[in-house]
Amino acid sequence: MRNETNSQAFRAGFHDGIPIGLGYFAVAFALGVAARDAGMTPFQGFLASILCNASAGEYAGFTVIAARSGYLGMALITLVANARYLLMSTAMSQRLDPEMKKIHRFGMAMYITDEIFAIEIARPGYLHPFYTYGAAAIASPMWAAGTALGILAGNLMPVRIVSALSVALFGMFLAVIIPPARKDRVILVLILVCFAASWISEKLPLVGTLSQGNRVILLTVILSAAAALLFPHPAEEDKDN
Amino acid sequence: MQDNVYVYIFVMAAVSYAIRALPVTLIRGRIRSPFLQSFLYYVPYVTLSVMTFPAIIEATQTPLSGALALAAGILAAWVGASLFQVASLCCVIVFLSEFLLLH
């Protein structure tokens with residue numbers, strides 16, 4: 001694994017990026033409808049998606065555009081809606097080869113999305129930049145194309161197909177979190193606690209009114225900190241886990 | 001009047017990128033604190049779990065089809081199915097169950 005060439009890593013990333021691209025395409029369709037409501041053209045939707053690669057963040061941004069709430073408002077909303085990427089980016093910094101060329105840090109940062117981050121951390125050892133680029137090469141254009149098509153023809157795609165494709169992303173998350181849970185009882189229990197906490201938090205009076213993105217941040221910080229205090233993870237070789 | 005859509009898109013893209021790029025480019029070395037190491041080790045699992053449930057049963061047309069996809073996905077991943085297989089299986093389960101349920 002550690003000695004794979006750039007092109008091997010790129011191909012592996014591309015392969016794993018296909019289900020991401022399909023899921024993105026379906027979700028981006030729905031996003032495109034919001035962009036159309038904001039009065040955006042298909043080209044503007046494509047541009048926003050290829051540059052931002054963010055679902056909730058873009059959705060929030062499009063509502064700002066719809067209301068023309070000002071550039072500062074746009075900056076603040078984007079910051080809040082995407083703040084969880086600060087955590088993912090920090091986690092990613094610990095999985096990079098210190099010898100890796102610095103330019104790749106800038107390249108990989110562009111594609112820290114929930115899904116691409118998920119498939120990256122599922123691989124053993126240091127993250128390979130070309131694995132990220134391979135996944136991004138299929139997933140990002142499909143995300144952008146889906147947005148543009150959603151603006152053009154958001155209502156034409158059968159709702160049953162959209163419904164089926166929309167779970168592809170969750171299926172990928174499961175494929176990432178379940179195998180380690182099988183080996184490590186702590187992670188298994190942690191996942192179940194997370195499911196329960198996430199479900200309950202939607203019903204709670206105060207937390208329930210937070211946006212989905214902010215709830216994710218809040219729960220991630222609280223639950224990860226609790227797990228770290230109760231079950232410190234021994235930092236063995238960086239190559240494992 | 002701030003009404004240039006391209007400026008809005010540029011601001012959105014710049015902030016989105018800064019959030020992602022700052023930690024990974026500024027934190028060059030290994031974090032030493034055992035607590036932070038453990039914290040960061042658990043972050044991905046917690047984030048992904050929290051995002052999966054209950055969202056998966058809210059994304060589909062009926063909660064039951066989402067729940068079936070969740071169960072099938074967990075089972076398939078448990079026995080070692082690949083990422084692509086698990087994702088595809090979830091889609092197929094939702095499509096079939098909604099086909100049967102909504103007819």
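Quick notes on this one:
- Residue in region A:69-85 that is charged (D, E, K, R) and free of Cβ contacts under 8 Å to residues at least 40 places away in the same chain present: no
- Residue in region B:3-10 that is among the polar types (S, T, N, Q) and either in contact (Cβ under 8 Å) with a residue 40 or more places away in the chain or at the interface with chain A (Cβ under 7 Å from one of its Cβ atoms) (or both) present: no
- A:Ile119 vs. criteria surrounded by fewer than 21 Cβ atoms within 10 Å (Cβ to Cβ) and either part of a helix (DSSP H, G or I) or not aromatic (Phe, Trp, Tyr) (or both): no
- Residue that is surrounded by the fewest Cβ atoms within 10 Å (Cβ to Cβ), among those in region B:51-103 that are without any contact (Cβ under 8 Å) to a residue 24 or more places away in the chain, within 16 Å of the chain's Cα centre (by Cα) and not in a helix (DSSP H, G or I): B:Pro54
- Breaking point among (1) in a helix (DSSP H, G or I); (2) at pLDDT 90 or above, for A:Leu169: (2)
- One residue alone among A:Met172, A:Met157 is buried (at least 21 other Cβ atoms within 10 Å of the Cβ) and out of contact with any Ser or Thr (no Cβ under 8 Å at 6 or more places or on another chain), and that residue is A:Met172.
- Spans of helices (runs of 4 or more DSSP H) in region A:46-112 with at least 2 residues over 16 Å from B:Ala14 (Cα atoms) and more than 7 Å from chain B (Cβ to nearest Cβ): A:55-67, A:102-109
- Condition met for B:Arg20 (basic (Lys, Arg) and surrounded by fewer than 18 Cβ atoms within 10 Å (Cβ to Cβ)): no
The values are calculated or read from the model by the stated rules, or taken from the named source; none is laboratory data. Since this is a predicted model, take the numbers as computed values, not measurements. For neighbour counting, all protein chains shown are included, and Cβ atoms are generated from backbone atoms with ideal geometry for every residue, glycine included.
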